[in-house]
1. First obtain the Kirkwood hydrodynamic radius of region 1-85 from its Cα pairs, then insert it into the Stokes-Einstein equation at 25 °C and 0.890 mPa s, and state the resulting D in µm² per second as a whole number.
2. Is there a quick way to get the dipole size of region 38-98? I mean about its Cα centre, with the Cβ of Lys and Arg at +1 and of Asp and Glu at -1; what is the value in debye to the nearest 20?
3. Based on the alpha-carbon gyration tensor of region 38-98 and its eigenvalue square roots a ≥ b ≥ c, which shape applies: rounded if a/c is under 1.5, prolate if not and a/b is larger than b/c, or oblate?
4. Between PHE21 and SER49, what length in nm is gained on full extension when 0.36 nm per residue of separation is reduced by their alpha carbon distance?
5. Counting only C-alpha contacts under 8 Å and six or more residues apart, can you give the relative contact order of region 38-98 as a whole percent?
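Laboratory data are not the source of any read-out in this text; all were calculated from the coordinates shown. All figures in this text were calculated on a predicted structure; none of them were measured in a lab. Virtual Cβ from ideal backbone geometry, glycine too; neighbours counted across all protein chains shown.
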Amino acid sequence: MNNRVDSYTVGYKKPPKESQFKPGKSGNAKGRPRQVRSIKDYLESELRSVLHLNAPGKSKTIPKLEALVKLLVALALKGNIGAVRIVLANISDTPSAKERTLEDLVAEFEKRNTQLTKAAGETAAQEDTAQTDRQSLAEDFSSDE
């Protein structure tokens, strides 16, 4: 046997030579799998990319997010009420202007829905009371004759 192989001792952190990786070969040939990206990741990436605008006589490059904001403001100025709400909600210092979660939006919707339902119930109750008052007045008027 070769003197070099005989002097190699197998032990802790010293695997047998025949089970070690051969030169040029790795233990993980395919590598680490790529991370699965969400739609939010793709959207953020796309909004960070730039848009090339060509106007007569000059060229301008702006991020797509900036172009989207310009479009939103233009729609708001034309009278699109949804765009107006979005713009105003994002420029005010109220808590609604800060980033809200889905749970916050659902809670706000439920609160407004409850208020509207309550207001509609009060209106119905007021109408019932008014109807009863009208009937009693009519009875009083007819009994006086």
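1. Details: Rh = 19.6 Å.
After rounding, the answer is 125 µm²/s.
2. Values: 9 positive and 5 negative charges, 42 e Å.
With Lys and Arg at +1 and Asp and Glu at -1, about 200 debye.
3. On the way: a/c = 2.54, a/b = 1.31, b/c = 1.93.
Verdict is oblate for region 38-98.
4. 5.8 nm
5. Numbers: 45 pairs, mean separation 10.8, N = 61.
This gives 18 percent for region 38-98.
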